[in-house]
1. Only residues that are surrounded by fewer than 17 Cβ atoms within 10 Å (Cβ to Cβ) and either small (Gly, Ala, Ser) or touching a Leu at 6+ places or on another chain (Cβ under 7 Å) (or both): list them for the stretch 225-256, please.
2. Do you know which residues across the stretch 80-119 are out of contact with any helix residue (DSSP H, G or I) (no Cβ under 7 Å at 6 or more places or on another chain) and among the acidic types (Asp, Glu)?
3. Of the numbered conditions (1) of a type in the set (A, V, I, L, M); (2) touching a helix residue (DSSP H, G or I) at 6+ places or on another chain (Cβ under 6 Å); (3) free of Cβ contacts under 8 Å to residues at least 60 places away in the same chain, Leu336 fails exactly one; give the number of that condition.
4. Give me a count of the residues in the stretch 48-66 that are assigned to a loop (DSSP other than H, G, I, E, B), open to solvent by 50 Å² or more (accessible area, probe 1.4 Å) and of a type in the set (A, V, I, L, M).
5. Would you point out the residue of the stretch 177-191, among those that are in contact (Cβ under 8 Å) with a residue 60 or more places away in the chain and of a type in the set (A, V, I, L, M), that is least open to solvent (accessible area, probe 1.4 Å)?
6. Please give the number of the condition Val102 fails out of (1) part of a loop (DSSP other than H, G, I, E, B); (2) open to solvent by less than 40 Å² (accessible area, probe 1.4 Å); (3) in contact with a Pro (Cβ under 9 Å, 6 or more places away or on another chain); (4) not acidic (Asp, Glu).
7. With the structure loaded, tell me whether Thr251 is in a loop (DSSP other than H, G, I, E, B), polar (S, T, N, Q) and over 31 Å from the mean Cα position of the chain (by Cα) or whether it fails that test.
8. In the set Val380, Val353, Val368, which member is assigned to a strand (DSSP E or B), more than 30 Å from Gly85 (Cα to Cα) and among the β-branched types (Val, Ile, Thr)?
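The values are calculated or read from the model by the stated rules, or taken from the named source; none is laboratory data. The shown structure was predicted, so the numbers you read here are calculated from the model rather than taken from an experiment. Methodologically, a virtual Cβ is constructed for each residue, glycine included, from the backbone with ideal geometry; neighbour enumeration extends over all protein chains shown. These accessible areas exclude ligands, DNA and RNA; they are computed on the full protein's heavy atoms, side chains included. Shrake-Rupley method; radii C 1.70, N 1.55, O 1.52, S 1.80 Å.
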Amino acid sequence: MSSPPTRRSLSRRQIYRRRRIVVFGGIALLLAALVYLPLTLLAPLRAAAVTLEVPQEPVVASTPLAFPGYGGSAIGALDRPGLLGQAGSTDPLPMASITKVVTALVVLEAHPLAPGEAGPSTTMTAADVGYYGEYLAQNGTVSSVRAGMTFTQRELLELTLVKSANNYTKSLMMWAFGSQEAYLEATRAWLAAHGLDRIVVNEPTGIDRGNVGPTDQLVELGLLALAQPTIAEIVATPAVGIPNLGVLPNTNALLGVEGVDGIKTGTLDDFGANLLFSADYPVGSSTVTLVGVVLGGPSHSRIDDDILTLLRSTIANFSEVEVVADGQRFGVYDTLWGDSAAAVASEAVTLLVWGEESIATEVVTEDVTTGEAGEDVGDVIVRVGERSVTVDLELALDLDDPGPWWRLTHPALLF
């Protein structure tokens, strides 16, 4: 029998070479590990992909405004720029006693008076008695006066705005400015400062047919009157008690009817009936303040009926719309390692919408890699007309770090 082959012994050089390969291979693996491990474990994560979910814009129905078919008319709302609507003549028309609103505002700018305060007193003279005869001869509204009677500034304003007494309006003007020339200078400066450049005032009462204003600027005048607390308080008063004159009812017969709380009547025999009006209406949790004017109506009873119709048609166009629901989803974040979290609204938002006002929603998100539930990740911006509101977006769930094992086993997704 032949003997088995003997294993050939390795030379010293071969053994050395093999040991060197093992050592250097180990060193190479160690170096690779020293580079790979921190590179993967400390590598920044990519931001999660976000998919936006912008809701469909709600559609709000509207109805036409029921304007009178005569003269000129316009209507607006507090805290809303411009008009809601306008009809008839846009030219400056006779204001009649709406002029007294301008007079009261100019007087209060020169002599401020807080709501409920009486203010300084003034005593009527022969000149004031003469104003009574002056306006009575022109068929203007007057109230009796005698020399020696004393009235406070508040009472003169009430006689001007509630009773609409021309003679006391002139007495108020003379007390405040000393002359009609000084009054007109102050009035023209006031009108210019408030952008009411098409309102013309030649005297303080409105008996002059040349006292004119366009309906759009008279609506602005009404808003300025409501912003003056003393005037707003007086024009909403159904009647005032004046010493020596008794209880005087407001010339505005609409006060207290369907939310009407102001502002001023006006009448000229050769033009017609006017009313600068305001009214408050609840709409959901909001209150809408409407301000409008009708000029040149056939009678006060007719324009009162037509104004109520106009107010009803106007308020019917307001509604509260929930434009953002609490927790509403506006996007989803998806990570490379499979986590997912919705971006949701942090609160509900309900807005007052007029007619077919456009409602536009914009979603702005931030880059997110990891985060905790409730963390701010962007904004929802809702625009209604010229107004806008911003709501925070927050994560609905945690987006956790994927951990070392995922990092070590997914280098292609990391780099």
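1. Matches in the stretch 225-256: Ala227, Ala232, Pro238, Ala239, Gly241, Gly246, Ala253, Gly256.
2. Asp91
3. (3)
4. 3
5. Quick first cut of the stretch 177-191, residues in contact (Cβ under 8 Å) with a residue 60 or more places away in the chain only: 177, 183, 186-187, 190-191.
Imposing the further condition that a residue be of a type in the set (A, V, I, L, M) reduces the set to 186, 191.
Working: Ala186: 30, Leu191: 7 Å².
Within the stretch 177-191, the match that is least open to solvent (accessible area, probe 1.4 Å) is Leu191.
6. Val102 satisfies all of (1) part of a loop (DSSP other than H, G, I, E, B); (2) open to solvent by less than 40 Å² (accessible area, probe 1.4 Å); (3) in contact with a Pro (Cβ under 9 Å, 6 or more places away or on another chain); (4) not acidic (Asp, Glu) except (1).
7. Yes: the conditions hold for Thr251.
8. After applying the criteria, what remains is Val380.
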